[in-house]
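Just so it is clear, none of the values below were taken in a lab; they were calculated from the coordinates. Just so it is clear, the structure is predicted and the values come from calculations on it, not from any experiment. Backbone-built Cβ (ideal geometry, glycine too); neighbour counts: all protein chains shown.
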Amino acid sequence: MTASPRPPGRPPERPPRRARLRDLPPLPEPAAQPVAGHLGRWGREPLALLREGATLGDPFLLRLWRPAVVGASPAWNRLVLGDLDTFRSRGSLSALSPYLNGGVVMTDPPDHAPRRAELNPTFHAKALEALRADLEAVVADRVPTGRFDALDWSLDTVPAMLNRAFFADRYPERELHAFFAPLHRPLPGPLLPRPLAFRRVHARLAALVADPPEGSLIAHLAGLENVVEEVRVSLAAAFDTTAHTLAWALWYLAEQEGELDAPRIRRLIQETQRLYPAGWLGSRVASRPFTFEDRTFPAGLLIFYSPYLTHRRADLWPEPERFVPDRFDAKPPPWGYVPFSAGARICLGMHLAKLMMEVALTPFADGGTRIVEGDPEPRTGLTLSPRGPLTLLRP
Ligand code: HEM
C-alpha cells in the first residue's frame, strides 16, 4: 500500500515531535536553576519572570516542562497570530484545561476558517445590539448602593448577563455558577478534569438547543454541528475574562473625576485591557520550522505571545505603567494592542464582551462611585485577575 500524498502546503496531521533545547538557536533567558530551569519561578511569579525575560531580549527562552519561546514585539505578534497553519492551537496550553479543550478553540486549519464563518454572524457587533436593552435590564436590577466589592459584583453580574444573552435566563442560576466557579480559582483549579459536572452541563445545553428560547444566542447557534461543545467552550471563554476585566474597569472608573460619557467609558475599558489583559499569555505549537529575524526555529516548539508584555513595551506605550485612558484618542500601534488577540483567531466574543462591559459600567459613570480600599494587583491563573477585594462606595 502506498501513502496518499498530502495536499500541497498542508502540514502533516500528526503533530511534530516536541522541539528539544539543542534544536533551538541561541536566545537570551532569565537566570535558570540547573535542572528545573524556569519552572519554579513560572509557578510562583510568572509575571515577574516574563518581565525579566523581556528586559533581556525579544524573543527570549523559557525552560519549562519543555522549551518555550516568548515574544512580545508587534512583528512577533504578526507572525504568530497571522499564520494559523504554522502556529497551531492543538497541543497548546489551552488544551490543558477541560474548559477550553474543544470547539473552535482547538480547531486548526483547514477547519478553523469555515467554523468561524459559521459562528461569527451570531457574535457580530450589529447582531448583538438586539441584546443591549435586555442586558441593561439585568444590570439595572443589580446596581448596588453603599459599599460593595467590585470583584464579587462582577463575578455575579457577568453570569447573569451571559444567562440572559445565551439562554434568555433559562439556565438554572446555581448550575451556571457551579460550572463557572472553578475558572476563578487559582491554578490548578481550572485545569482539573470535571467529568460529572461537564456531563451535566452538556445535558443542560442539549436540552436548551433542542428547544431554544427565541432571540437568544443559543437559538442562533442551534443548527450548527457540535453546537453543545461550542457553546460550553464559549461560555467558559466568556466568564472570567469579562468578569475580571469589568472588576478592574470599575476600580479605575472610581478613580476618574466627573461623569463619563460613552466614548470615555470605552477608552477606560481599552486602557484597563491594556494594563490588565485577561488573556495575559497565549500559546501555539509550531507545525513546521520557521524563521524570525534571522533565527530559524524548529517544528514542535512551544510558542508564547503575551498581550501583557506587548502592552507594557515603552517603545509602543509611553509611560506604560500609568493608567491614561486618553492615550486611546490615537489609534493603537498595529499588532501592539492585542487584548482579544488578533488575526483570524481573534476572540469570537470580543463584541459581546465590550457590550457587556459598557452596559455594566454605565450606571456607575455618574461621578459618584469612589474607591474605599482594595488590592488591584494582578494574580495569575488561567486569566489575569485582580487580587481583590476591590471595595467601592456608591452613595
Ligand atoms: C474581556 C473579555 C475577553 C477577553 C479579554 C478575551 C480574550 C481572548 C483572547 C486573547 C483570545 C485568543 C486566545 C488565543 O487563541 O490565543 C480569545 C479567543 C476566544 N474567545 Fe475571548 N475574550 C473575552 C471574552 C469572550 C467572550 C464574551 C466570549 C463568548 C463568545 C469569548 C469566546 C472566545 C472564543 C470562542 C475564542 C476562540 C476563538 C478561536 O480560536 O477562533 N471570549 N479570547
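Residue-wise HN-Hα couplings along segment 81-93, as the Karplus relation 6.51 cos²θ - 1.76 cosθ + 1.60 with θ = phi - 60° gives them from phi, are 8, x, 10, 5, 6, 7, 10, 9, 7, 4, x, 7, 5 Hz; Gly and Pro carry x.
Two decimals is fine: what's Rg over Rh for segment 48-190, C-alpha atoms, Kirkwood radius as Rh?
On the way: Rg = 19.7 Å, Rh = 19.0 Å.
Here the Rg-to-Rh quotient is 1.03.
Loop-located trypsin sites (Lys or Arg not before Pro) in segment 293-329 (DSSP state other than H, G, I, E, B) with a sparse environment of at most 16 neighbouring Cβ atoms within 10 Å: Arg313, Arg322. Using the Cα gyration tensor of segment 243-395, with a ≥ b ≥ c the square roots of its eigenvalues, what is the shape: rounded (a/c below 1.5), prolate (a/b larger than b/c) or oblate (neither)? Prolate shape, in that a/c is at least 1.5 and a/b is the bigger ratio.
Between the listed residues Pro289, Phe179, Ser216, the Cα displaced farthest toward the positive end of the dipole of the chain, a dipole computed from Cβ unit charges relative to the Cα centre, is found at Pro289.
Among DSSP beta bridges whose residues both lie in the chain, state the antiparallel percentage, nearest 5.
On the way: 25 of 30 bridges.
So the antiparallel bridges amount to about 85 percent of the total.
With 10 angstrom as the radius, rank Glu255, Glu214 by how many other C-beta atoms surround their C-beta, starting from the fewest. Walk me through the numbers on the way to the answer.
Working: Glu255 12, Glu214 6.
So the ranking, lowest neighbour count to highest, is Glu214, Glu255.
Of the trypsin sites (Lys or Arg not before Pro) found in segment 24-125, those in coil by DSSP whose Cβ has at most 16 other Cβ atoms within 10 Å are Arg90. With helices as the sole contributors, the chain gives -12000 deg cm²/dmol at 222 nm; each DSSP H run of n ≥ 4 counts as -39500 (n - 2.57), and the sum is divided by every residue. Computed from the C-alpha gyration tensor, the three semi-axes of the ellipsoid equivalent to segment 72-394 are 29, 27, 18 Å, from longest to shortest. Remark: Ile346, Ile265, Ile303 ranked as Ile346, Ile265, Ile303, counting other beta-carbon atoms within 10 Å and listing the fewest first.
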